[in-house]
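Peer 1: Sharing a structure here in structure tokens format.
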Amino acid sequence: MAIPIFSDGIPVRIIFGVFLWSRNSGRRKTKLLIIQLMKTMKLYIICVVFIVSLAEAKNPGLKTRITDAGLTYASQVAIEQLSKSAKGQKIPDQSGRSGDVSYELSNVVIDSFSNPSSSITVTADGLNWKSDGLGLSITGHFHYKYHGIIPISDSGNIDVSVSRVNFNVGISLGVDGTGRPKIASSGCSCGIGSLDVHFHGGAAWIYNLFKGVVEDALKKQLNGQLCTIIDKAVNTDASQALAKLKVTVDIAKMFMLDYRFISKPAFNPGHFLETYHKGEVYWTDSMTEAPFDPPSMPSISSTNKMFYISMSDYVFNSLAYEAQIHKMLQYNLTQKDLPAKERGFLNTTCVGTPCIGQVIPQIGKKYPNREVAMSMSSDFSPNMSVSNGKVNVLGGGTINMFTVQGDTFLLTLNATMTASVLLNVKSEKIYGSISDMKLKLHVVKSNVGQISDTVLNFIANTAIIAFAEPQLNKLGSNGIPLPVTNNVHFVNTEVTLVKDTLMIGTDLKYQ
């Protein structure tokens, strides 16, 4: 039985029940019931919001996965970058006193950095970067004063050897308000196994009076300095690199491919992290959503490569949709658009070579010595589908044929197009080319009598496909950039086609 509803959404029978209870049971019971009713309505609203949020959730159009192998390589690159960042770093000047000796250390600089073992692993809520066996050599200048019976003052240089240094730092990954990734360090800790100071110049017996104090001071300072360097490597250097990550890409100066994150990364501890992206193409001047949703993409089962990209056919179909609604899939085909050897085909009169006036004699007799043009337009946005290891495209439209001189209507054709697409990845771009393109034509209206299917197929292959296929291949040769930073390059790349998805598995090289 239907429950009557007020305009504000509260069931009539519930309100009526409250009224009766209030009359028969007094104010206290009424108050308790109203409180219970409010709790019930609050729960009802929460449930509605939850259901709506589930309904609005969309699949990503593109997702990426960084595997354990990729993170291992990333840790190697990170250590190399940390080494470059650490060399030349100045440690703050030190001063102190030990007994009768006061000292000053100045111009203390990290001179060399020996790469340690390093690893980046996935945790439940981010990444963990740890390293062990790091070594440093440090140089500097010292000055001391001995405040004994006979005051002595001298200066010289120091060499510091540091070994068995380790550090551990947490790395959180998220998404900012613009859909860009963000990164931050947390909980950095460092440890120094041994530190040995060697003095050059002055009296050795005096050095021994404050050698231990200097070593302790440098250890303490280095602990803080190393975490400062590591935090900078994450919070500044890595953040700046991520800030350069392309989250929108221009296509043909008319379209924009949206790579923005739609949610926070997902972490599978000890194995991989995944990121989820919009993966939709928009018209540059109008962010209109496509009237269809991305399909669910299969899970990535392989972990042999460092990096995986899953791109659904939604990316290409949203591009086709935008091209359709902005009337980009319309064209008037004339002689100048055909390859040189076929340009004469659109003449109504010809000698020695085939032309449309010869193939359709009615046109040649009725309209001699003229050129024919074809006004082509798509009736619906082409659809690309990936299945059984193949990429197929289906399109359809209308072709109106008319004479250029006099603008005389000849006939209207209905066209259905099917084609296979070959996809490959090179230089961090996806490239496509058309193969096995087929057109099926059907006469809708004719001003020149009946035309056989054989003639229509000849027209399709000689004129339309001869024009359309090179044009589509030219567009495909421009490539679509993939979401990586400029200094990361793909090596040993493999492309796999699974249901609704182009899956790219690749190793990486940082340059």
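Peer 1: Can you name every residue in the range 266-281 that is among the small types (Gly, Ala, Ser), touching a residue at least 40 places away in the same chain (Cβ under 8 Å) and over 16 Å from ARG180 (Cβ atoms)?
Peer 2: GLY270
Peer 1: While we're looking at this one, here's another question. Quick check on my filter: what residues within the range 177-202 are closer than 28 Å to ILE66 by Cα, part of a strand (DSSP E or B) and among the β-branched types (Val, Ile, Thr)?
Peer 2: Within the range 177-202, ILE183 is the sole residue that qualifies.
Peer 1: Looking at (1) over 42 Å from the mean Cα position of the chain (by Cα); (2) in contact (Cβ under 8 Å) with a residue 24 or more places away in the chain, can you tell me which one GLY191 breaks?
Peer 2: Only one criterion is unmet by GLY191, namely (1).
Peer 1: Looking at this structure, is ILE434 closer than 30 Å to PRO481 by Cα, of a type in the set (A, V, I, L, M) and in a helix (DSSP H, G or I)?
Peer 2: So ILE434 fails the test.
Peer 1: Hand me the list of strands (runs of 3 or more DSSP E) wholly inside the range 307-409 holding 2 or more residues that are surrounded by fewer than 18 Cβ atoms within 10 Å (Cβ to Cβ) and within 46 Å of the chain's Cα centre (by Cα).
Peer 2: The strands (runs of 3 or more DSSP E) meeting that bar are 330-333, 372-378, 383-387, 390-403.
Peer 1: Quickly run through the range 68-113 and pick out the residues that are under 21 Å from ILE192 (Cα atoms) and of a type in the set (A, V, I, L, M).
Peer 2: Matches in the range 68-113: ALA78, ILE79, LEU82, ALA86, ILE91, LEU105, VAL108, VAL109, ILE110.
Peer 1: So, GLY174, is that one in the same structural domain as LYS219 (by TED's automatic domain parsing), in a strand (DSSP E or B), at pLDDT 90 or above and farther than 23 Å from ASP132 by Cα or not?
Peer 2: It is true that GLY174 is in the same structural domain as LYS219 (by TED's automatic domain parsing), in a strand (DSSP E or B), at pLDDT 90 or above and farther than 23 Å from ASP132 by Cα.
Peer 1: Related question: Here is a check on your reading of the model: is VAL169 touching a His at 6+ places or on another chain (Cβ under 9 Å), crowded, with 18+ Cβ neighbours inside 10 Å, within 30 Å of PHE261 (Cβ to Cβ) and among the aliphatic types (A, V, I, L, M)?
Peer 2: Criteria not met by VAL169.
Peer 1: What number of residues in the range 61-114 are part of a strand (DSSP E or B), over 30 Å from SER153 (Cβ atoms) and not aliphatic (A, V, I, L, M)?
Peer 2: Selection size over the range 61-114: 7.
Peer 1: Could you please find all residues in the range 115-152 being surrounded by fewer than 17 Cβ atoms within 10 Å (Cβ to Cβ), part of a strand (DSSP E or B) and at pLDDT below 85?
Peer 2: Passing the criteria: only ILE152.
Peer 1: Could you check the range 201-219 and list, in sequence order, the residues that are surrounded by fewer than 12 Cβ atoms within 10 Å (Cβ to Cβ) and at pLDDT 80 or above?
Peer 2: Within the range 201-219, just GLY212 meets the criteria.
Peer 1: Looking at LEU273, is it assigned to a strand (DSSP E or B), touching a Gly at 6+ places or on another chain (Cβ under 9 Å) and farther than 19 Å from GLU428 by Cβ?
Peer 2: Judged against the criteria, LEU273 is a match.
Peer 1: Oh, and also: Taking PHE272, is it surrounded by 17 or more Cβ atoms within 10 Å (Cβ to Cβ) and either at pLDDT 95 or above or farther than 30 Å from LEU127 by Cα (or both)?
Peer 2: Taking the combined requirement at face value, the residue does not satisfy it.
Peer 1: Would you be able to say whether some residue in the range 281-288 is assigned to a loop (DSSP other than H, G, I, E, B) and either surrounded by 18 or more Cβ atoms within 10 Å (Cβ to Cβ) or at pLDDT 95 or above (or both)?
Peer 2: No, the conditions are met nowhere in the range 281-288.
Peer 1: Determine which single condition VAL162 fails, assuming it passes every other condition in (1) out of contact with any helix residue (DSSP H, G or I) (no Cβ under 7 Å at 6 or more places or on another chain); (2) assigned to a strand (DSSP E or B).
Peer 2: Of the numbered conditions (1) out of contact with any helix residue (DSSP H, G or I) (no Cβ under 7 Å at 6 or more places or on another chain); (2) assigned to a strand (DSSP E or B), the odd one out for VAL162 is (1).
The values are calculated or read from the model by the stated rules, or taken from the named source; none is laboratory data. All values derive from a computational prediction rather than experimental measurement. Because the Cβ atoms are built from the backbone with ideal geometry, glycine has one as well, and the counts that use them run over all protein chains shown.
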